[in-house]
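K.L.:
Input: one structure, supplied below.
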Number of protein chains: 2
Amino acid sequence: MSRKPMVRPGGRSARVQEAVHAAVRELLAEVGRERLTVPMVASRAGVTPSTVYRRWGDLQELLSDVAVEHLRPETEPDDHGALPADMTAWAEQFIDEMSSPAGRAYIRDALLGDPDGSNAGQCSTYAAEQIDVIIARAAERGETVPELETVIDAVVAPIMYRILFRPTELDAPYARRLVASVLGGRQSAASQRRQRLIG
Amino acid sequence: MSRKPMVRPGGRSARVQEAVHAAVRELLAEVGRERLTVPMVASRAGVTPSTVYRRWGDLQELLSDVAVEHLRPETEPDDHGALPADMTAWAEQFIDEMSSPAGRAYIRDALLGDPDGSNAGQCSTYAAEQIDVIIARAAERGETVPELETVIDAVVAPIMYRILFRPTELDAPYARRLVASVLGGRQSAASQRRQRLIG
């Protein structure tokens with residue numbers, strides 16, 4: 001958000017952000033979203049309410065920032081040694097996390113207090129970065145790889161669309177069907193090869 | 001929303017809803033979203049503010065209902081005589097409407113004031129109904145048709161995802177690529193046949 005100043009790691013601005021985010025996380029757990037207020041957050045974080053308003057505008061924008069923090073992946077995607085396995089494992093975990101009650105609340109918060117779309121864009125960037133890692137590893141192994149944007153359209157978009165607009169089918173078989181649709185013949189080929197190696 | 005009473009067409013409840021929705025539409029145009037309040041809407045609609053609060057909860061839920069009304073398609077999809085042409089024309093128009101500034105504002109409003117997801121679900125149902133008409137016509141003509149949910153995943157989801165999270169590529173060529181991805185060989189086959197008929 002344009003309102004936010006540049007944050008230098010370790011600077012005062014970064015310390016304020018960390019204290020305020022921590023206060024929100026604690027208070028969400030203690031009093032819940034419905035009863036949360038900016039003065040309550042400010043008091044817990046040891047800053048004035050006007051510091052919070054100046055930096056975040058309102059409670060919804062603050063909750064949006066905290067939600068995006070929560071949606072940031074903590075680790076790189078697991079390496080299973082082949083593109084179909086990597087992509088399937090990632091999609092299954094993505095569905096799991098995003099369609100959980102906590103995941104849905106964070107996605108909603110991220111969108112709601114985000115007038116300029118920068119936090120929603122950040123969520124998409126997190127997913128794109130993970131897929132990029134998977135594609136780069138596969139390319140390194142000499143596998144044929146799809147375009148990043150094709151995977152976004154075929155795997156990420158349907159999952160997020162169904163979470164927000166059409167809450168059905170959000171399970172592991174659905175994740176596998178989406179991945180199969182984008183990897184096409186390559187996936188069947190790979191599983192056949194595995195089958196031959198096993199059999 | 002569970003708060004809303006059943007609305008009988010022509011009944012008092014339906015007249016209140018129509019008056020309140022009309023007041024919102026007028027006031028959005030006159031004073032804008034930022035300055036809109038429930039008392040202002042109630043006064044214009046000739047009802048008490050408590051009537052509005054009782055029925056809609058708050059301004060965001062009211063704006064969500066009005067947005068869903070706006071997102072309801074007014075006509076059936078055009079009939080161009082073949083599945084690829086029908087689906088492409090529909091997808092191009094869907095991108096056009098949804099990614100316009102008004103479309104984006106309605107999608108946002110529909111999602112924001114929608115704690116139980118029923119309005120978001122209604123938006124998805126509108127798109128599904130239009131695609132159903134296109135698929136049914138094609139089946140009637142003897143064309144091979146995709147599943148409705150496959151079209152939702154391959155065409156509707158990427159468009160809505162990019163509008164909300166990843167605002168790129170929202171143009172007619174993108175709509176055509178999405179449709180081609182779901183109709184696959186059938187589309188090329190159809191255009192080849194047309195080419196032969198023309199040539």
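K.L.:
Can you work out the FRET efficiency for the pair B:GLU143 and A:ASP116, with r the C-beta to C-beta distance and R0 = 45 Å, to the nearest 0.05?
P.N.:
According to the calculation, E is roughly 0.55.
K.L.:
Hey, another quick one. Looking at the range B:12-57, what % of the alpha carbon pairs are farther apart than 12 Å?
P.N.:
56 percent
K.L.:
Sorted by packing (mean other beta-carbon atoms within 10 Å per residue), highest first, where do B:11-21, B:84-94, A:173-183 land?
P.N.:
In decreasing order of mean packing, B:11-21, B:84-94, A:173-183 become B:84-94, A:173-183, B:11-21.
K.L.:
For A:GLN60 and A:TYR126, what does the FRET efficiency come to when R0 = 35 Å and r is the distance between their Cβ atoms, rounded to the nearest 0.05?
P.N.:
0.95
K.L.:
Quick one: with label points 7 Å out along Cα→Cβ, list the inter-copy distances for B:THR168 in nm, shortest first?
P.N.:
Distances to the matching label points in the other copies: 3.1 nm.
K.L.:
Using the scaling law 2.2 N^0.38 Å as the reference, what is the normalised Cα Rg of the range B:104-151?
P.N.:
Dividing the Cα Rg of the range B:104-151 by 2.2 N^0.38 Å gives 1.49.
K.L.:
Here is a follow-up. How fast does the range A:75-198 diffuse by Stokes-Einstein, in µm²/s, taking the Kirkwood radius from C-alpha pairs at 20 °C and 1.002 mPa s?
P.N.:
Translational D for this selection: 141 µm²/s.
K.L.:
Another question, then. State the three equivalent ellipsoid semi-axes of the range B:86-126, derived from the C-alpha gyration tensor as the square roots of 5 times its eigenvalues, in descending order and whole Å.
P.N.:
Semi-axes, largest first: 22, 13, 4 Å.
K.L.:
Where does chain B land at 222 nm, in deg cm²/dmol rounded to the nearest 500, when only DSSP H runs of n ≥ 4 count, each adding -39500 (n - 2.57), divided by all residues?
P.N.:
Mean residue ellipticity, 222 nm, calculated: -22000 deg cm²/dmol.
K.L.:
So, one more: Placing unit charges on C-beta atoms (Lys and Arg positive, Asp and Glu negative, everything else neutral), compute the dipole magnitude of the protein assembly as shown about its Cα centre in debye, rounded to 20.
P.N.:
Dipole magnitude for the protein assembly as shown comes out near 440 debye.
K.L.:
A further question follows. Return a whole-number percent for the relative contact order of the range B:74-198, with Cα pairs under 8 Å and 6 or more residues apart as the contact set.
P.N.:
Relative contact order for the range B:74-198 comes out at 34 percent.
K.L.:
Averaged across B:155-163, how many Cβ atoms of other chains sit within 10 Å of each residue's Cβ atom?
P.N.:
Partner-chain Cβ atoms within 10 Å, mean over residues of B:155-163: 6.
K.L.:
Could you state the principal axis extents of the C-alpha atoms in the range A:36-79, from the largest down, to the nearest angstrom?
P.N.:
Taking max minus min along each principal axis of the Cα atoms, the range A:36-79 gives 46, 18, 17 Å.
K.L.:
Can you list, shortest first and in nm, the gaps between the label point of A:GLU140 and those of its counterparts in the other copies, using a point 7 Å from Cα in the C-beta direction?
P.N.:
Shortest to longest, the spacings are 5.5 nm.
K.L.:
Suppose we keep just the alpha-carbon trace of the protein assembly as shown; what are its Rg and Dmax in angstrom?
P.N.:
23.8, 77
K.L.:
Across peptide B:39-49, how many C-beta atoms of other chains are within 10 Å of each residue C-beta, on average?
P.N.:
0
K.L.:
Just how far, in whole angstrom, is the range B:42-116 from the range A:46-101 if you go by their alpha carbon centroids?
P.N.:
28 Å
K.L.:
Next question. For peptide B:108-120, how many partner chain Cβ atoms fall within 10 Å of a residue's Cβ, on average?
P.N.:
For peptide B:108-120, the averaged partner shielding equals 3.
K.L.:
Oh, and also: List the distances, in nm and shortest first, from the label point of A:ALA29 to the matching label points in every other copy, placing each point 7 Å from Cα along the Cα-to-Cβ direction.
P.N.:
5.2
K.L.:
For the protein assembly as shown, build the charge dipole from Cβ charges (+1 Lys, Arg; -1 Asp, Glu) around the Cα centre, then report which of B:VAL156, B:PRO73, A:ALA91 sits farthest towards its positive end.
P.N.:
Projecting each Cα onto the dipole axis, the largest value belongs to B:PRO73.
K.L.:
Relative to the Cα centre, what is the charge dipole magnitude of the range B:12-57, using +1 at the beta carbon of each Lys and Arg, -1 at the beta carbon of each Asp and Glu, and rounding to the nearest 20 debye?
P.N.:
200 debye
K.L.:
Which residue in chain A puts its Cβ closest to the axis that rotates chain A onto chain B, and at what distance in whole Å?
P.N.:
Minimum Cβ distance to the axis, with residue: A:ALA157, 2.
Readers should treat all values here as calculations from the given coordinates under stated rules, not as data from a laboratory. This is a predicted model, so every value here is computed, not measured. With ideal geometry, Cβ positions are generated from the backbone for all residues, glycine too; neighbour counts draw on all protein chains shown.
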